[in-house]
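Visitor: Have a look at the structure that comes next, please.
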Amino acid sequence: MATSDLTRIRSNIQGMNILSTLRDVNNSVATHQLRLGTGRRINSASDDPAGMSIATKLDNRNRILSAVYDNIGQAKNMLAVAEGGLLSINDILVLLSEKIISSASDTLADEDRGAISTQLESMVAEIGDIAEQTAFGGTAILNSEKVLNFQTGETTATTYQTRKYDAVSLGLSNLVSLTADTIINSENYQDFLSEVGTALRTVSTGLTGIGSLTNRLTMKEASISLTQSNTEAAYSRIRNADMAAEQLELTKMQILQQTATSMLAQANTNSQSILTLFR
């Protein structure tokens, strides 16, 4: 800082020094006010170039993790739809077993057995309808065989293999060709019952796979959520302003602003003392 000389009145060195300080204080006041107004410590790259670079990368990763978290939720929704369809098919298969056993008893007349066959025919058709209509986002998930990739990581995906659960694919060949005239009795009921048993095991395996994958996705969801929170915390510490600290700094700078302004006014009058030499 330049040394002032009150006897050289053409240059107000003291005033210039104070003015320079006042400008710095004014810049600091403006900076802290901007931070308080925006809630951000870094409002432009010039505020902290390295911090801005790190914060930008953290923000990008946070957004990716957010998208991954949403993907996991959507995948679980799709699996829930598939599970609901399989549970309905499972219930129908259990009812099929019950009706087949009922029809096998000789306590029923052929007319009664015909009524049961009609009901069985209707239930088998419903299995096909459920398999065909169970879909998510336009993708058939109980009536197709394809590998679905769920993007559940930044660079990784979780796969799910769909399969067909219509009556033919479940191996219900005898029940598919069943008509109202077909009589199920004690002599042939085992042929129908064994088909249903095989179908039930197939559906049970499908439900087990869905349940296991859903549990895995739930664990991934919890892990991604934790990672996202930590990433957001790291980003916030670098990019966002500490409002309490900024307010304290602003108060200090405003006091310095007032004192510097007052001292600048006083420095502008200091040279007037030289006039006493001319009296």
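Visitor: Is it fair to say residue 171 is at pLDDT 90 or above and not in a helix (DSSP H, G or I)?
Guide: yes
Visitor: On to the next question. Please work out if residue 91 is within 30 Å of residue 178 (Cα to Cα), touching a residue at least 24 places away in the same chain (Cβ under 8 Å) and acidic (Asp, Glu).
Guide: It is false that residue 91 is within 30 Å of residue 178 (Cα to Cα), touching a residue at least 24 places away in the same chain (Cβ under 8 Å) and acidic (Asp, Glu).
Visitor: Go through segment 168-195 and give me each residue that's closer than 14 Å to residue 120 by Cβ and among the charged types (D, E, K, R).
Guide: Once the filter is applied, which keeps residues that are closer than 14 Å to residue 120 by Cβ and among the charged types (D, E, K, R), segment 168-195 yields 181, 191, 195.
Visitor: May I pose another question? Being of a type outside the set (D, E, K, R), at pLDDT 95 or above, touching a strand residue (DSSP E or B) at 6+ places or on another chain (Cβ under 7 Å) and closer than 30 Å to residue 96 by Cβ narrows it down to one of 213, 207, 200, so name that one.
Guide: After ruling out the rest, the residue left standing is 213.
Visitor: Looking for something modelled with pLDDT of 95 or more and closer than 21 Å to residue 209 by Cα - is there at least one such residue anywhere in segment 94-105?
Guide: yes
Visitor: Between a residue in segment 168-193 that is under 19 Å from residue 109 (Cα atoms) and in contact (Cβ under 8 Å) with a residue 12 or more places away in the chain and any residue that is hydroxyl-bearing (Ser, Thr, Tyr) and outside any loop (DSSP other than H, G, I, E, B), which pairs come within a Cβ distance under 6 Å, given they are 6 or more apart or on different chains?
Guide: 178/117; 180/117; 180/118; 182/117; 184/103
Visitor: Yes or no: segment 155-168 includes at least one residue that is among the aromatic types (Phe, Trp, Tyr), farther than 30 Å from residue 66 by Cα and surrounded by 19 or more Cβ atoms within 10 Å (Cβ to Cβ). Reasoning before the result, please.
Guide: As a first pass, look at segment 155-168 and keep what is among the aromatic types (Phe, Trp, Tyr): 160, 165.
Now narrow it down to the ones that are farther than 30 Å from residue 66 by Cα: 165.
Within this subset, residues satisfying the condition of being surrounded by 19 or more Cβ atoms within 10 Å (Cβ to Cβ) are 165.
The answer is yes; a qualifying residue exists.
Visitor: Suppose we filter 250, 256 for residues that are touching a residue at least 24 places away in the same chain (Cβ under 8 Å), within 21 Å of residue 51 (Cβ to Cβ), in a helix (DSSP H, G or I) and of a type outside the set (Val, Ile, Thr); which single one remains?
Guide: Going through 250, 256 in turn, the sole match is 250.
Visitor: Moving to a separate point now. Conditions: (1) in contact (Cβ under 8 Å) with a residue 24 or more places away in the chain; (2) within 29 Å of the chain's Cα centre (by Cα). Residue 63 meets all but one. Number of the miss?
Guide: Going through the list (1) in contact (Cβ under 8 Å) with a residue 24 or more places away in the chain; (2) within 29 Å of the chain's Cα centre (by Cα), residue 63 breaks only (1).
Visitor: Restricting to segment 79-114, what's the tally of residues that are surrounded by fewer than 17 Cβ atoms within 10 Å (Cβ to Cβ), in a helix (DSSP H, G or I), of a type in the set (D, E, K, R) and over 46 Å from the mean Cα position of the chain (by Cα)?
Guide: 3
Visitor: Being under 44 Å from the mean Cα position of the chain (by Cα) and at pLDDT 90 or above is the requirement here; does residue 56 meet it?
Guide: So residue 56 passes the test.
Visitor: Taking residue 118 as meeting all but one of (1) in contact (Cβ under 8 Å) with a residue 60 or more places away in the chain; (2) assigned to a helix (DSSP H, G or I); (3) touching a helix residue (DSSP H, G or I) at 6+ places or on another chain (Cβ under 8 Å), write down the number of the exception.
Guide: The failed condition is (3).
Visitor: Looking at residue 160 and the list (1) more than 30 Å from residue 227 (Cβ to Cβ); (2) in contact (Cβ under 8 Å) with a residue 24 or more places away in the chain, which single condition is not satisfied?
Guide: Just one mismatch for residue 160, condition (1).
Visitor: Right, here's the next one. Of all the residues that make up segment 179-196, how many are assigned to a loop (DSSP other than H, G, I, E, B) and surrounded by fewer than 21 Cβ atoms within 10 Å (Cβ to Cβ)?
Guide: Residues in segment 179-196 being assigned to a loop (DSSP other than H, G, I, E, B) and surrounded by fewer than 21 Cβ atoms within 10 Å (Cβ to Cβ): 9 in total.
Rundown of residues vs (1) modelled with pLDDT under 95; (2) of a type in the set (Asp, Glu); (3) surrounded by fewer than 15 Cβ atoms within 10 Å (Cβ to Cβ), yes/no style:
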{"position": "2", "(1), (2), (3)": "yes, no, yes"}
{"position": "7", "(1), (2), (3)": "yes, no, yes"}
{"position": "10", "(1), (2), (3)": "yes, no, yes"}
{"position": "17", "(1), (2), (3)": "yes, no, no"}
{"position": "22", "(1), (2), (3)": "yes, no, no"}
{"position": "26", "(1), (2), (3)": "yes, no, no"}
{"position": "43", "(1), (2), (3)": "yes, no, no"}
{"position": "49", "(1), (2), (3)": "yes, no, yes"}
{"position": "75", "(1), (2), (3)": "no, no, no"}
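The values are calculated or read from the model by the stated rules, or taken from the named source; none is laboratory data. Treat the numbers as computed from the prediction; the structure is a model and nothing was measured. When we count neighbours, we look across all protein chains shown, and the Cβ atoms used for this are built from the backbone with ideal geometry, even at glycine.
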